[in-house]
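Q: My questions will all concern the structure given below.
The values are calculated or read from the model by the stated rules, or taken from the named source; none is laboratory data. Quantities reported herein were computed from a predicted structural model and do not represent experimental measurements. When we count neighbours, we look across all protein chains shown, and the Cβ atoms used for this are built from the backbone with ideal geometry, even at glycine.
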Ligand code: 4AD
Ligand code: MG
């Protein structure tokens, strides 16, 4: 019977049964005694399964001896208890079919056992065959499913907000334009600028930076909703935490305030961490051993403890009085830099911390103004090693206050968003969770470029 590597290693077939596995060679070793050992992986488990191939097979000399790392094979034989240590079962092969050859073993780009992550980024089409990227890929899948399951089980509707949009939710001007105009020779308006009325959408259009504004409309009808999809930002920051294309999870809840929002963030994170530890034991053991010695303990601590919650104002006091020299000086009113965020999460608290109530002037127009009129009901979840993984807020539900924070152009563009405050407005709140930053936190990997299959960064839209 056909089996996956995972099923065979987990003991889903009795020893003595005949099995067939299909996959790629991770390694091969030929012994002098006329036996070859082929390690086969198929993406289903962290470990490869070993096939013991005797020289008595018809194609042993003509083919088996010529195989090597990367070859695609179908191997049939008897499942037997493994002689070697480290794995439970192996296959005593009775047939090896080579489906796909590696045409030149010397030039196979990932033939060597160890490569740097920088190098592997240049081999995005082959890196999923390495054990690290196999593990990342499975954990990414488990996380995505855990997120969808959490929301489904808690009565949220999944809303597919548009990828092409006219609005800049965050107002940071980091938009990628979507256009079919001939940019070498665009139609001109009378004042000389580009005439977008002749463009495909008859107006300017962009890739979304956040589905929040659109999901708010569904929140104010369905009560509990979320988006989970790709998001785009033309931030020119070449850092280990920024991608031009990343995935974001954005829940939005009605009849809710900032504390409800923080409760939801905490509950969601605890749920997904629990699921990953249960479902991906093999991969997490690898990350613990090879990438970050504390990763499992760290996730367990998050699961077992309440999140620390702290006001921005308090955080600024802590940073000013901690005696540490920062590159960027701390004053009430500044947007915290990564060094500040990491100090708070890593050194001061030692666990994720929820910072709340930021100065209004550094935050987006849609965040609810607090009674002090100086701060807004915003929150960021800061994680040790990463910094911000979640950004959210209670939304301004009062039409007059909202409009006082919008300029004339924004008011016109977002007429429909203002409508939501005229027709049955209620307090509501939500947040955005960066999926790749979450995956880095869960695995201990350091660069978000290794948390997405094909990273898009400044200067790199192709490979
Ligand atoms: O803090 P941000 O900008 O919040 C929003 O977009 C809100 N509209 C979300 C909401 O309230 N519904 O982004 C949210 C999260 C960040 O905390 C970060 O984890 C991630 O998105 N993020 C990025 N991840 C990778 N690369 C980038 N360039 C990112 N920019 C933001
Ligand atoms: Mg933010």
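Q: Hey, among 337, 345, 378, which residue is within 13 Å of ligand 2 (Cβ to nearest atom) and modelled with pLDDT under 95?
A: Only one candidate passes the filter, namely 337.
Q: Here's another thing I want to ask about it. Where residues in segment 389-411 are out of contact with any helix residue (DSSP H, G or I) (no Cβ under 6 Å at 6 or more places or on another chain) and in a strand (DSSP E or B), which of them is farthest from ligand 1 (Cβ to nearest atom)?
A: The first filter runs over segment 389-411 and keeps only residues out of contact with any helix residue (DSSP H, G or I) (no Cβ under 6 Å at 6 or more places or on another chain), leaving 391, 393, 395, 397-411.
With the extra rule that they be in a strand (DSSP E or B), the set shrinks to 391, 393, 395.
On the way: 391: 2, 393: 6, 395: 8 Å.
Only one residue tops the list, namely 395.
Q: While we're looking at this one, here's another question. Residue under question is residue 437, and the condition is that it be within 25 Å of residue 292 (Cβ to Cβ) and surrounded by 21 or more Cβ atoms within 10 Å (Cβ to Cβ); does it hold? Full working, then the answer.
A: Details: within 25 Å of residue 292 (Cβ to Cβ): yes; surrounded by 21 or more Cβ atoms within 10 Å (Cβ to Cβ): yes.
Spelling it out, residue 437 is indeed within 25 Å of residue 292 (Cβ to Cβ) and surrounded by 21 or more Cβ atoms within 10 Å (Cβ to Cβ).
Q: Taking the conditions exactly as written (in a helix (DSSP H, G or I), under 24 Å from residue 176 (Cα atoms), away from ligand 2 (no atom under 16 Å from the Cβ) and in contact (Cβ under 8 Å) with a residue 40 or more places away in the chain), does residue 417 satisfy them or not?
A: In short, yes.
Q: How many residues are more than 33 Å from the chain's Cα centre (by Cα) and under 20 Å from residue 112 (Cα atoms) if we restrict to segment 2-30? Spell out how you get there, then give the answer.
A: Here is the first cut: in segment 2-30, the ones more than 33 Å from the chain's Cα centre (by Cα) are 13-20, 28-30.
Narrowing further to those that are under 20 Å from residue 112 (Cα atoms): 28-30.
Matching residues across segment 2-30 total 3.
Q: Does segment 163-171 contain any residue that is more than 21 Å from residue 268 (Cα to Cα), modelled with pLDDT of 95 or more and in a loop (DSSP other than H, G, I, E, B)?
A: Within segment 163-171 (the criterion being more than 21 Å from residue 268 (Cα to Cα), modelled with pLDDT of 95 or more and in a loop (DSSP other than H, G, I, E, B)), the answer is yes, since at least one residue qualifies.
Q: Looking at segment 249-268 only, could you name the residues that are touching a helix residue (DSSP H, G or I) at 6+ places or on another chain (Cβ under 9 Å) and within 12 Å of ligand 1 (Cβ to nearest atom)?
A: Scanning segment 249-268 gives 249, 250, 251, 252, 253.
Q: Any residue in segment 35-48 that is over 22 Å from residue 130 (Cβ atoms) and part of a loop (DSSP other than H, G, I, E, B)?
A: No - not one qualifying residue is present in segment 35-48.
The rows are residues; the columns are (1) assigned to a strand (DSSP E or B); (2) modelled with pLDDT of 95 or more; (3) surrounded by 15 or more Cβ atoms within 10 Å (Cβ to Cβ).
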| residue | (1), (2), (3) |
| --- | --- |
| 192 | no, no, no |
| 197 | no, no, no |
| 217 | no, yes, yes |
| 229 | yes, yes, yes |
| 243 | no, yes, yes |
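Q: Only residues that are surrounded by 15 or more Cβ atoms within 10 Å (Cβ to Cβ) and in contact with a strand residue (DSSP E or B) (Cβ under 8 Å, 6 or more places away or on another chain): list them for segment 177-190, please.
A: 178, 181, 186
Q: Any residue that is under 20 Å from the mean Cα position of the chain (by Cα), farther than 28 Å from residue 12 by Cβ and in a strand (DSSP E or B) - is there at least one of those in segment 127-135?
A: No, there is no match, as no residue in segment 127-135 is under 20 Å from the mean Cα position of the chain (by Cα), farther than 28 Å from residue 12 by Cβ and in a strand (DSSP E or B).
Q: Are there strands (runs of 3 or more DSSP E) fully within segment 267-386 with at least 3 residues that are over 26 Å from residue 150 (Cα atoms)? List them.
A: Here the list reads 353-359.
Q: Output the residues belonging to segment 52-80 that are surrounded by fewer than 21 Cβ atoms within 10 Å (Cβ to Cβ) and touching a helix residue (DSSP H, G or I) at 6+ places or on another chain (Cβ under 6 Å).
A: Scanning segment 52-80 gives a single hit, 68.
Q: Quick check, is residue 257 without any contact (Cβ under 8 Å) to a residue 40 or more places away in the chain and either within 16 Å of ligand 2 (Cβ to nearest atom) or closer than 30 Å to residue 398 by Cα (or both)? Explain how you work it out, then say what you get.
A: Values: without any contact (Cβ under 8 Å) to a residue 40 or more places away in the chain: no; either within 16 Å of ligand 2 (Cβ to nearest atom) or closer than 30 Å to residue 398 by Cα (or both): yes.
Against the criterion (without any contact (Cβ under 8 Å) to a residue 40 or more places away in the chain and either within 16 Å of ligand 2 (Cβ to nearest atom) or closer than 30 Å to residue 398 by Cα (or both)), residue 257 does not qualify.
Q: While we're on this one: Return the only residue of 353, 381, 401 being over 32 Å from the mean Cα position of the chain (by Cα) and either closer than 29 Å to residue 270 by Cβ or surrounded by fewer than 18 Cβ atoms within 10 Å (Cβ to Cβ) (or both).
A: None of the others qualify; the one that does is 401.
Q: Could I ask something else about it? Restricting attention to segment 199-215, which residues are touching a helix residue (DSSP H, G or I) at 6+ places or on another chain (Cβ under 6 Å), in a loop (DSSP other than H, G, I, E, B) and closer than 30 Å to residue 429 by Cα?
A: Within segment 199-215, 204 is the sole residue that qualifies.
Q: Being in contact (Cβ under 8 Å) with a residue 12 or more places away in the chain, closer than 13 Å to residue 89 by Cα and not in a loop (DSSP other than H, G, I, E, B) is true for just one of 7, 14. Which residue is that?
A: Of 7, 14, the one residue that is in contact (Cβ under 8 Å) with a residue 12 or more places away in the chain, closer than 13 Å to residue 89 by Cα and not in a loop (DSSP other than H, G, I, E, B) is 7.
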